[in-house]
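This report concerns only the one structure given below.
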Amino acid sequence: MPLLQVRDFPENYYHKLNELSERENRSITQQTIYMLKTMLDSYDLNLNTKRKAALSSIHNLSLKISSDAPSATDLIREDRDSDHNNLLETK
């Protein structure tokens with residue numbers, strides 16, 4: 001199992017961690033792993049939930065694209081050509 005060493009850990013947090021570990025009948029190491037796992041799992045879940053919500057709201061937009069609008073390929077090509085021309089002008 002990988003080893004994690006933390007330097008300059010704030011003393012007040014160390015004392016809080018120690019108190020929690022005693023209350024939960026865990027070692028400081030076990031408490032630290034438990035808290036990190038809980039926080040990281042929650043963070044991953046929140047990120048995934050936020051992504052799904054954002055994609056859902058985009059999907060629910062009723063965007064109408066004009067039939068004479070340029071294609072995505074044309075827009076990308078135009079942008080690349082513009083960047084290329086700007087680079088040539090600065091040399």
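The values are calculated or read from the model by the stated rules, or taken from the named source; none is laboratory data. No experiment lies behind these values; they were computed from the predicted model shown. Note: areas computed on protein heavy atoms with side chains; ligands, DNA, RNA excluded. Shrake-Rupley method; radii C 1.70, N 1.55, O 1.52, S 1.80 Å.
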Notebook entry, point to check: Binning every alpha carbon pair distance of the chain at 5 Å from zero, what are the percents per bin?
Noted result: 2, 9, 9, 11, 9, 8, 7, 7, 7, 8, 8, 8, 5, 1
Notebook entry, point to check: How many percent of the accessible area of the chain is carbon or sulfur, using a 1.4 Å probe?
Noted result: 56 percent
Checklist line | In the chain, lysine pairs with alpha-carbon atoms under 24 angstrom apart (chain gap of 8 or more, or interchain) | finding: 4
Next item on the list: Compute the convex hull volume of the Cα atoms of segment 17-57, divide it by the residue count, and report the result per residue in Å³ as a whole number.
Entry: 55 Å³
Notebook entry, point to check: When the helices in the chain are scored as -39500 (n - 2.57) per DSSP H run of 4 or longer and the sum is shared across all residues, what 222 nm value do you end up with, to the nearest 500 deg cm²/dmol?
Noted result: -24500 deg cm²/dmol
Margin query: Could you work out how much longer the chain between residue 39 and residue 27 gets when fully extended? Use 0.36 nm per residue separation minus the Cα distance between them, nm to one decimal.
Written below: 2.5 nm
